[in-house]
Amino acid sequence: MPSTSSVPKIPLLIDGEFVESRSTQWRDVVNPATQQLLARVPLATADEVAAAVAAAKAAFASWRKTPIGARARIFLKYQQLIRENIKPLAATLTAEQGKTLADAEGDVFRGLEVVEHAAAIGNLQLGELAMNVAGGVDTWTRLQPLGVCAGITPFNFPAMIPLWMFPMAIACGNTFVLKPSEQDPMVTMALVKLALEAGIPKGVLNVVHGAAEVVDALCDHPDIRAISFVGSTRVGTHVYNRATLAGKRVQCMMGAKNHAIVLPDAHKEQTLNALLGAAFGAAGQRCMAVSVAVLVGDARRWIPDLVARARTLKVGAGKDNPDVGPVISCAARERIEALIARGAEEGAKLELDGRLPALPGDAREGNFIAPTIFSGVKPGMAVYEQEIFGPVLCIAEAATLDEAIALINANPNGNGTAIFTQSGAAARRFEEEIDVGQVGINVPIPVPVPMFSFTGSRASKLGDLGPYGKQVVLFYTQTKTVTARWFEDDVSTGVNTTISLK
Ligand code: NAD
């Protein structure tokens with residue numbers, strides 16, 4: 001292992017300059033497949049956070065008035081740079097996060113789609129106009145940028161989720177302070193570097209690193225107008241409460257327990273493949289991972305086939321493009337292994353145990369857990385109640401579609417869900433009755449493309465407006481309504497002491 005002094009230090013970005021933090025507190029960024037030390041990331045000081053916000057505040061004065069075409073063209077250039085660099089970006093992402101190279105490219109690509117969307121800001125930020133709302137009176141709306149906005153991102157999509165945030169905020173005319181996940185900030189920084197290369201002016205995008213203290217400082221800072229957060233329900237709830245108390249607009253996309261219903265008339269091959277990909281892809285560390293399969297009626301007979309197919313999935317370092325890479329950290333692996341043990345103790349049937357998989361040589365160093373499947377899972381068990389965020393699929397059973405829908409609606413989380421069926425009537429009933437943000441019909445991970453908005457229900461989301469799509473333009477702007485009359489030379493309407501426009 002290299003000495004810590006020879007390891008790259010991740011810089012902050014303040015007022016257009018990449019600078020080394022003066023912090024005395026640093027943490028390691030580690031390859032989860034090998035434990036190799038890749039870089040050191042600072043926990044920024046209070047002064048550094050203040051400097052980043054001050055730079056963003058100063059830059060807002062001119063950025064808010066930058067013509068919409070000039071803003072859009074930066075994102076046109078940015079999407080091109082991301083596209084040209086997708087392979088090295090994915091390689092960095094795989095090294096620090098663990099997911100397979102193919103999936104890392106997907107992570108960058110789903111973010112790139114939001115950048116493409118930001119390039120269309122000219123059409124997205126149009127206001128409304130009504131002529132003659134009273135005699136000679138017109139009313140229109142302006143969608144004005146808010147000012148300094150901040151983003152706090154999780155470890156599991158270190159490319160896509162930062163790209164959900166700063167491109168749309170900046171395209172709308174705001175300036176931004178980003179706080180990436182301290183577990184894997186390297187690909188985020190590579191994307192930030194490309195954003196500057198695309199032409200984002202100094203101070204418009206700033207980056208501070210850190211954990212709880214830095215996040216709290218962003219929540220409290222009086223010059224920050226809005227905060228976008230993506231991460232766990234525990235932290236998101238804290239951020240929402242703290243930042244709204246400080247008068248900010250806040251959107252928090254949070255934890256999940258995503259159920260997929262399988263009806264007996266579903267296409268068996270397609271359904272089993274979809275369940276496995278959605279449960280074990282990214283080692284189960286997606287907020288939209290399917291973590292509970294609810295088998296209805298005779299679909300219960302498919303368990304042996306599902307388990308047999310899960311056994312064939314290959315586990316290994318993401319750079320070798322297996323099916324399942326490592327989980328993010330040793331701590332995450334220990335937490336997941338403990339939950340698997342608890343599931344067995346609490347009476348769920350461990351159909352497939354992925355703990356301590358037999359792997360060749362060096363791979364034993366990594367945070368690997370192979371696909372794990374429980375059947376007979378019921379509410380009340382820890383494996384059902386907690387978000388495992390690892391390659392563990394819980395199988396629950398229901399006698400009818402209505403029973404399955406009731407189970408999902410009784411779960412506190414409402415991030416994603418799916419149904420597998422060939423029946424349009426059943427799918428329609430499910431879609432209408434289910435209280436979950438993202439709904440898939442024979443689509444296991446229904447993450448919306450950027451002309452729609454990501455959403456969430458109940459404990460999975462706080463705040464009214466979601467990331468990207470039309471909603472985020474409203475989130476990152478203030479609607480101002482202007483009512484105007486231009487007087488004709490010699491027409492007097494007299495004094496109007498009523499509320500009516502005359
Ligand atoms: P996390 O909540 O631990 O961390 C998210 C961010 O909050 C990080 O930047 C971290 O530095 C910061 N943070 C951590 N502890 C904090 C504290 N005590 N106070 C203030 N800030 C703190 O989440 P994670 O483990 O990085 O990501 C996984 C979680 O994110 C899962 O729950 C997953 O479901 C969720 N997630 C949700 C979505 C969605 O769109 N709903 C998308 C991706 C991930």
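Which ones in segment 193-213 are within 15 Å of the ligand (Cβ to nearest atom), under 21 Å from Gly16 (Cβ atoms) and surrounded by fewer than 24 Cβ atoms within 10 Å (Cβ to Cβ)? Across segment 193-213, there are no qualifying residues.
Let's see how each residue does on (1) within 25 Å of Phe280 (Cβ to Cβ); (2) under 15 Å from the mean Cα position of the chain (by Cα); (3) more than 7 Å from the ligand (Cβ to nearest atom):
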| position | (1), (2), (3) |
| --- | --- |
| Ile224 | no, no, yes |
| Val235 | no, yes, no |
| Asn241 | no, no, yes |
| Val250 | no, yes, yes |
| Met254 | yes, yes, no |
| Leu263 | yes, no, yes |
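Scan segment 137-182 residue by residue and report those that are in a helix (DSSP H, G or I), farther than 18 Å from Asp15 by Cβ and within 16 Å of the ligand (Cβ to nearest atom). Show your work before the answer.
Let us first name the residues in segment 137-182 that are in a helix (DSSP H, G or I), namely 160-171.
Keeping just the survivors that are farther than 18 Å from Asp15 by Cβ gives 160-165, 167-168, 171.
Across segment 137-182, the qualifying residues are Met160, Ile161, Pro162, Leu163, Trp164, Met165, Met168.
Close contacts from segment 209-221, counting a first residue that is under 10 Å from Arg242 (Cβ atoms) and among the β-branched types (Val, Ile, Thr) and a second that is near the ligand (Cβ under 8 Å from one of its atoms) and at pLDDT 95 or above, with Cβ to Cβ under 8 Å and a gap of 6+ residues or different chains, come to Val215/Ile152; Val215/Lys179; Val215/Val235; Val215/Val239.
Could you go through segment 24-37 and let me know if any residue there is aromatic (Phe, Trp, Tyr) and over 19 Å from Ser329 (Cα atoms). Among the residues of segment 24-37, not one is aromatic (Phe, Trp, Tyr) and over 19 Å from Ser329 (Cα atoms), which makes the answer no. All of Lys87, Lys77 fail the test of being surrounded by fewer than 24 Cβ atoms within 10 Å (Cβ to Cβ), more than 30 Å from Phe368 (Cβ to Cβ) and either within 16 Å of the ligand (Cβ to nearest atom) or modelled with pLDDT of 95 or more (or both), apart from Lys77.
Of the residues Val472, Val449, only one is farther than 22 Å from Asp265 by Cα, part of a loop (DSSP other than H, G, I, E, B) and under 21 Å from the mean Cα position of the chain (by Cα); which?
Val449
Here Pro264 passes the criteria (1) out of contact with any helix residue (DSSP H, G or I) (no Cβ under 6 Å at 6 or more places or on another chain); (2) assigned to a loop (DSSP other than H, G, I, E, B); (3) surrounded by fewer than 24 Cβ atoms within 10 Å (Cβ to Cβ) except the one numbered (1).
Within segment 295-314, the set of residues being in contact (Cβ under 8 Å) with a residue 40 or more places away in the chain and in contact with an Asp or Glu (Cβ under 7 Å, 6 or more places away or on another chain) comprises Leu295, Arg300, Ile303, Val307, Leu313.
The values are calculated or read from the model by the stated rules, or taken from the named source; none is laboratory data. What you are looking at is a predicted structure, and each value in this text was computed from that prediction instead of being measured. Because the Cβ atoms are built from the backbone with ideal geometry, glycine has one as well, and the counts that use them run over all protein chains shown.
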